[in-house]
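Encoded as structure tokens, the structure appears first; notes follow it.
The values are calculated or read from the model by the stated rules, or taken from the named source; none is laboratory data. Quick caveat: nothing in here was measured; it's all calculated off a predicted structure. Ideal geometry is used to build each Cβ from the backbone, glycine not excepted, and the neighbour counts take in all protein chains shown.
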Amino acid sequence: MPAIYRASFGFLRRHPWQLGLAILGICIGVAVMVAVDLANQSSRKAFLMSMDTLNGQATHQIVAGPGGVDETIYTTLRVEHGIRRIAPIVSGYAHAGEVALQLLGVDVFAEADFRQYTAPANFETDLAASPDTGPGQPEDMVRRFLTVNGSVLMSAATAAELALSPGDSFEILVNGKQRQAVLTGILRGNDGREVGGLVVTDIANAQYWLEMQGRLSRIDVRVAANDEQRLSEIRGSLPPGTELLSASGRTETTAEMSDAFMTNLTAMSFLALLVGIFLIYNSVAFAVLQRRELIGVLRALGVTRGQTFRIILSEAAVVGTLGAALGLLAGVWLGEKLLVLVARALSDHYFAVNVTDVAISSASVVKGFVAGLGATLVAATVPAIEASSFQPRLALTRSTLEQRAGRAVPRLGYSGIGLIFLSALMLALSGRSLVIGLIALFVLILGFAFCIPFIVRGISNALAPFAGRIGGTAGRLAIGGVGKTLSRTGIAIVALAIAVSATIGVSVMVGSFRASVSDWLGSTLQSDVYVGVPRGSLDPALIPDLTSLPGIAEYSTSRRAWLETDNGRTRILAIRMAPGSYAGTNIRDADPEHVWRQFNQDSAVLVSDSYAYRHETQAGEFVTLNTPQGRVELRVAAVYQSYDSNDGAIMMSRNTYNRYFDDSAIDSIGLYLNDGFDVDLVMNSLREVSEGRQSLIMNSNDNIRDISMAIFDRTFVITNVLYWLAVGVAIIGIFGAMLALQLERAREFGVLRALGMTPGQTGVLVSLQTAFIGFLAGLTAIPLGLVMAWVLVEVINRRAFGWQIDIAISAQPLLAAMALAIGAALLAGIYPSWHAGHARPALAMREE
Amino acid sequence: MTTTNKRAQVRIRDLSRSFWEGERQHDVLRNLSVEFAQGETVALRGRSGSGKSTLLNLISGIDVPDAGEVEVSGKSITGMSERERTLFRREHIGFVYQAFNLVSTLSVSDNIRLVLELNGIGREQADQRILKLLDAVGLRDRAESYPDILSGGEQQRVAIARALAHEPVLLLADEPTGNLDDRTAEGVLQLLDELVRQAGGTMIIATHSAGVAEYSDRVLELQNGALVS
Amino acid sequence: MLLLICACEADVADQPGTPDSRAGSSRLSELLRSDGAEAFPRVTDPREFRFPADHGPHDEYRNEWWYFTGNLDGEDGRRFGFELTIFRFLLAPEENRDTGSAWQSNQVYIGHFALTDVAQKQFHVVQRYSRGSAGLAGAESEPFRIWLDDWSISEDGAGPAGQPVWRLRANDTDIAVDLNFVAEKPVVLNGDNGLSQKSAEVGNASYYYSIPRLRTSGTVRVREEMHSVGGTTWLDREWGSSALARDQQGWDWFALQLSDGSDLMFYTLRGQDGSTHPNSSGTWIDAAGNAHHLTRKDVVVEVKDYWDSERGGRYPSAWEIRIPLKNVAISVVPVLEDQELITNVRYWEGAVDVSGDAAGQPIHGRGYVELTGYAN
């Protein structure tokens, strides 16, 4: 390494703390970003892969509404139209003990063109000898698969999870009913891929278990690319309400449901990196400031400006590379932790994801590395330019620097205000774009950050006289010091303020959201007891027996079904309202009485907030649905409040539903009790009636609310983790800044010590200063945090999920944020203040 | 070390430089004209604030005058761009400072090497020259030491070695003995005398001490930004 | 004639026609042996055949087939041979499920469709599978209909003399046939009044009848080319629950239609050691449709040549057949050497030409030959 670089790097080597903190800052920023990216991508990939395996070679799927596909359509296609590359599928869900399973009913004879793993050729052949057929052979396997009552296949891993061996019988719960299953063979994925949590059974058995006789979940279709003729032939032979859709398109649509969720996580991960950028800026700027003499000497010796700039930047590059590389490693580690949270949130809200390992994609790694290194270089550019502007003079005095920084403060403030305006403009003009909304949020944060030094100087100048009166010389030194050392403390305050404001923004948003959901649950959950079946529907014969029990005054029924519409896959809610149910639906901006009349008498529907936002649908407009009766247009009577699904839903009366759809299933009923009847007693009699017929889930009103809130809180765990990581980065920033500041002022402290200040007093001085820094950060974070909360609620959440949330601000998150800011600063100041107190005066004065 | 083949003639015409202190203008140099002959050693004397350092900074191109011209070996420093000045300084001028200004993060030999590298001198040649220089200043055994463990006199001898490493045509010394006790100062001056003056190099020493005079060909007195005598 | 295939021991994953049929014929034939047959009804006594009822399925037996083989001439002079066989297999003797699903079934249907294009020296073969439920595959006697996907043989009106017309349709990417059949001879019961004993053990037998001559007309498609064709088709019908004994290797089956109006069916059962099994037998049908049972002693079959399959196995490929009783001596030669079917099992089934003497008069003829147990 040339001596000129060694001269400069030697400084970093002598200050390993600063070097280490800078690297750590980048490392955490990159790690968070990479981790979120990996967790997102891995869950998505796992979902797509499992869909890929389940869909196999299917290019298209024939689907129909809630009632499923009429099975005779399949026979007609095959026997009359001679279309062979199609396969019937009956699918659903099951439980074996506590293990949730996906149930796939297939016709093995149609599978060869689709799923290799279900083909008999792949059946495990080395089954233990069985008494009736001798050593297992593939033909026995097929024979048994087709003829043994309750025969199922599963992967070796799933069999191991359930502690089953081939030949074993076991209980399986499907649609709330206990069934006897026999494991007759082991599925082996043909390229080592295994679909976990999957049981495959014969289609006849699947129809029996799922009570779907006569109906198919879908028909898989395989058509050569661009064989439009075949596609239109198939389409032509389908009845109304049954559609031929692209398989990949369906999968993609399902996967896209989670896009907004993932985008928000990604944005959160950028926050940590943004805080990291400030930290880097801080570190590099310090390193430059502290070497002003060195740089002066180098310049006098003939080092050019360009060389100076390059030295500083290449230092940053080394730090950035190290930090980013470590960040990648940490990111993979963190990614595995986050994956659990992301997968759970996705499973709670969007689709089942069965994934435990992060799939490390080179794209994520490259992105993380480039972002980390890029952020470092960007952050280092400003100090590098500053370094190269040093005159080759021998001493730039501290005060000159502060003067310069002082002059920059208002300029920075003006550009900050400009950025805030820009952000407001972006928010106003970007329509419904989530990504631009998020960018605008970052511009807003940046703009605010630029204003912070100005605000801080004002506050500390205003407070300095009081500080002197209260805290004496130490107080004056501490607090006056902050304002006068903005070039060093300003950035640290900004970094902390941003991190803290993020916690305010997010916690106010989450708190408001939580309050809205809680209110909504309170009004929606009108029934006293809810009865349903885990992932299934109620036995129609059971319903009259349940609802006629003593104590039950009224009941409502509900059916949640999916329907392919022109707007993609849409949730349909078919409700039979009990008199008490109406109050449970909060209708927006319309006269409820009028709306309900239309709902009950004119086949009008309601759409949820999210649906209305997503599809830009308003009351008075029409939604078009594909039904077995053909396409029908239903009038939207009103928009209703719902936090049920961010994809939105269309609600219709059960009568309307029955009129258009060939589906009598009821998923759950809500029971209204007569006064004086005890919920627990009624639940007991419900249990008695259903005993042996169907295993039901029963929840009281309160239970449902608790469960819903638990899911809500679970969803935001990952958000909390991310903003605490950002706070962590900020604490590191403060720590580094305080350390550098004490280093910078070592001589001053040496003098103070020489003049008779005790180590304790020096420590107090430093602690006071850091506490004051924390206080300033907290104070400035509050307005920024509140604005952020507003943007998150009104812009980001709305654009991402279509939710309407009422902002609720309480003092608690603000006080918590202030405590956090001061606490973080004090925590960061512990070592520096100890250091300042214990510096030996003579050495301190001599150093540098 | 000889500089016989590389001597500079320095010509200064009507040089003025002032600084602002708040609202008040402070003239450091006023219409100063002076010439330094090739191979000449000149002592520049004056009290603190008399403009000595400013003059040296202007000669080396570290600072730019408000008016006037500086010419070194026939080349106008004042007409050059910032970059040209830096490169000219790097190649032709050596500096010795009162505060030594060694790079604390580099060893003694690396401090010298820095200058050689800047001038594009190859590693082997640089190694040889560093040894020779350290021999000349009597610090060969401290080659790998770091500046902060050297005494003041030793540090200044390293600084002299560094200043002469790239064989500059002109050596500027700003209070080279200002931080040293008398005996050590004497040694440093002797060293400069030996390595520059006796070898025929051009040297300008700014100082407020009288002792320098005996090593100089000429003594110039600077008072309030102008030459007296 | 019977062919050793059992339900879906086949490799469903394999595309039809792929050479690699992992389940080799020798192992598969294990399943049509008597093992496990006790649970199914056995063929032990002669029965009274009723038609058209017996053209339909006999679902309680383990296996059954409808075997159509025919020689066709195009109007353009192009010659074809075709085979369409629908096999039915019962996987388990008893149904122990009550799913209420239309898909529930223990029956499996397999179809083999082969076309010999003599002029192009090409042999096409396709195989299909289906469960025997949900309307996907099945067999019915009244009206007569056997089908698997869109392959079918079904009653399609009546001929000029009021006799029923059957229509056979089968297709795949490269080949298709659409043929009408009218019976020219009545049903012939093979063996002992339709009971065909295959090995010594009681019950190792099948019910077996043939319609030796179905006058055939219709179309054949080879890729994009359509040919109007006419010719004669042989129907073999057989059902039972077990056939071969352990020591039997396979058989050579001949179904020949001769120019003097007579027909010959004969099968030679081979032992594992290559010997001819005592249960080998056949039927001679004269021009009037009168059947005469032939035993092993009545017929001499001499192999005159062999053909080596590039997929392994050596098949006989020319025969000299003498029936001293009828004063018949004929030689039988395939129209194309390679008429080997690569399906779940590998066997040879192909169109043949016949020439020779009958009662001192030169005769010729055409027919189909099936050779099993040669591919290993």
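Some values worked out for this structure:
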| read-out | value |
| --- | --- |
| Residues satisfying the stated conditions in segment C:156-171, i.e. part of a strand (DSSP E or B) and over 27 Å from C:His124 (Cβ atoms) | C:Gly157, C:Ala158, C:Pro164 |
| Residue check, C:Phe144 in contact (Cβ under 8 Å) with a residue 24 or more places away in the chain and in contact with a helix residue (DSSP H, G or I) (Cβ under 9 Å, 6 or more places away or on another chain) | yes |
| Only listed residue being out of contact with any helix residue (DSSP H, G or I) (no Cβ under 8 Å at 6 or more places or on another chain) and within 14 Å of chain A (Cβ to nearest Cβ), chosen from B:Phe19, B:Phe95 | B:Phe19 |
| Which listed residue, of A:Val30, A:Val90, is surrounded by 23 or more Cβ atoms within 10 Å (Cβ to Cβ), among the hydrophobic types (A, V, I, L, M, F, W, C), more than 14 Å from chain B (Cβ to nearest Cβ) and under 30 Å from A:Val318 (Cα atoms) | A:Val30 |
| A:Gly306 vs. criteria farther than 24 Å from A:Val36 by Cα and part of a helix (DSSP H, G or I) | yes |
| Residue identified as more than 15 Å from A:Leu146 (Cα to Cα) and part of a strand (DSSP E or B) among C:Ala114, C:Ala119 | C:Ala114 |
| In segment A:614-637, the residues that are surrounded by 16 or more Cβ atoms within 10 Å (Cβ to Cβ) and part of a strand (DSSP E or B) | A:Val623, A:Leu625, A:Asn626, A:Thr627, A:Val632, A:Leu634, A:Val636, A:Ala637 |
| Residues located in segment C:147-157, provided they are under 17 Å from the mean Cα position of the chain (by Cα) and either farther than 16 Å from C:Phe82 by Cβ or facing chain A (nearest Cβ under 10 Å) (or both) | C:Trp147, C:Leu148, C:Trp151, C:Ser152 |
| Residue count for segment A:237-257, restricted to those that are surrounded by 21 or more Cβ atoms within 10 Å (Cβ to Cβ) and at pLDDT below 80 | 0 |
| Pairs where the first residue, in segment A:230-241, is under 18 Å from A:Arg631 (Cα atoms) and in contact (Cβ under 8 Å) with a residue 60 or more places away in the chain and the second is hydroxyl-bearing (Ser, Thr, Tyr) and buried (at least 17 other Cβ atoms within 10 Å of the Cβ), C-beta under 6 Å, 6+ apart | A:Gly241/A:Thr627 |
| Residue that is surrounded by the most Cβ atoms within 10 Å (Cβ to Cβ), among those in segment B:119-133 that are out of contact with any Asp or Glu (no Cβ under 9 Å at 6 or more places or on another chain) and assigned to a loop (DSSP other than H, G, I, E, B) | B:Ile121 |
| Test: residue in segment A:237-256 that is at positive phi, not hydroxyl-bearing (Ser, Thr, Tyr) and not in a helix (DSSP H, G or I) | yes |
| All positions within segment A:127-155 that are farther than 19 Å from A:Arg115 by Cα, outside any helix (DSSP H, G or I), out of contact with any Lys or Arg (no Cβ under 7 Å at 6 or more places or on another chain) and at pLDDT 50 or above | A:Val148 |
| Selection within segment A:315-367 - outside any helix (DSSP H, G or I) and of a type in the set (S, T, N, Q) | A:Asn354, A:Thr356, A:Ser361 |
| Selected residue [within 9 Å of chain A (Cβ to nearest Cβ) and aliphatic (A, V, I, L, M)] from C:Leu136, C:Leu84 | C:Leu136 |
| Filtered residues of segment C:105-122 (kept if surrounded by fewer than 22 Cβ atoms within 10 Å (Cβ to Cβ) and either within 13 Å of chain A (Cβ to nearest Cβ) or of a type in the set (Phe, Trp, Tyr) (or both)) | C:Asn106, C:Gln107 |
| Qualifying strands (runs of 3 or more DSSP E) (wholly inside segment C:291-376; at least 2 residues being among the charged types (D, E, K, R)) | C:300-308, C:314-323, C:346-358, C:361-371 |
| One residue from A:Leu289, A:Leu294 being within 13 Å of chain B (Cβ to nearest Cβ) and more than 30 Å from A:Ser433 (Cβ to Cβ) | A:Leu294 |
| Flag if A:Tyr5 is within 14 Å of another protein chain (Cβ to nearest Cβ) and buried (at least 21 other Cβ atoms within 10 Å of the Cβ) | no |
| Evaluation of B:Gly138 against (1) outside any helix (DSSP H, G or I); (2) within 14 Å of chain A (Cβ to nearest Cβ) (one fails), failing number | (2) |
| Every residue from segment C:184-217 that is under 16 Å from C:Leu72 (Cα atoms) and surrounded by fewer than 19 Cβ atoms within 10 Å (Cβ to Cβ) | C:Glu184, C:Arg215, C:Ser217 |
| One residue from A:Gln207, A:Gln180, A:Gln213 being out of contact with any His (no Cβ under 6 Å at 6 or more places or on another chain), in a helix (DSSP H, G or I) and either at pLDDT 90 or above or within 11 Å of chain C (Cβ to nearest Cβ) (or both) | A:Gln207 |
| Single match in A:Asp667, A:Asp602, A:Asp609, A:Asp644 (criterion: over 28 Å from A:Ile711 (Cβ atoms), touching a residue at least 12 places away in the same chain (Cβ under 8 Å) and out of contact with any Cys (no Cβ under 9 Å at 6 or more places or on another chain)) | A:Asp602 |
| Any strands (runs of 3 or more DSSP E) falling wholly within segment A:541-613 and containing at least 2 residues that are of a type in the set (D, E, K, R) | A:552-565, A:568-576 |
| Filtered residue count, segment C:359-376, keeping only those that are touching a Gly at 6+ places or on another chain (Cβ under 7 Å) and more than 19 Å from C:Gly81 (Cα to Cα) | 5 |
| Residue in segment A:528-535 that is touching a residue at least 24 places away in the same chain (Cβ under 8 Å), within 30 Å of A:Ala781 (Cα to Cα) and within 27 Å of the chain's Cα centre (by Cα) present | no |
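Matching residues to (1) modelled with pLDDT of 90 or more; (2) over 21 Å from B:Leu222 (Cα atoms); (3) not basic (Lys, Arg):
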site: B:Asn5; (1), (2), (3): no, yes, yes
site: B:Glu23; (1), (2), (3): no, yes, yes
site: B:Asp27; (1), (2), (3): no, no, yes
site: B:Arg30; (1), (2), (3): no, no, no
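Residue by residue, here is whether (1) in contact (Cβ under 8 Å) with a residue 40 or more places away in the chain; (2) of a type in the set (A, V, I, L, M, F, W, C); (3) under 24 Å from A:Tyr350 (Cβ atoms); (4) touching a strand residue (DSSP E or B) at 6+ places or on another chain (Cβ under 7 Å) holds:
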residue	(1), (2), (3), (4)
A:Thr780	yes, no, no, no
A:Gly785	yes, no, no, no
A:Met788	yes, yes, no, no
A:Val791	yes, yes, no, no
A:Val795	yes, yes, yes, no
A:Arg799	yes, no, yes, no
A:Trp803	yes, yes, yes, no
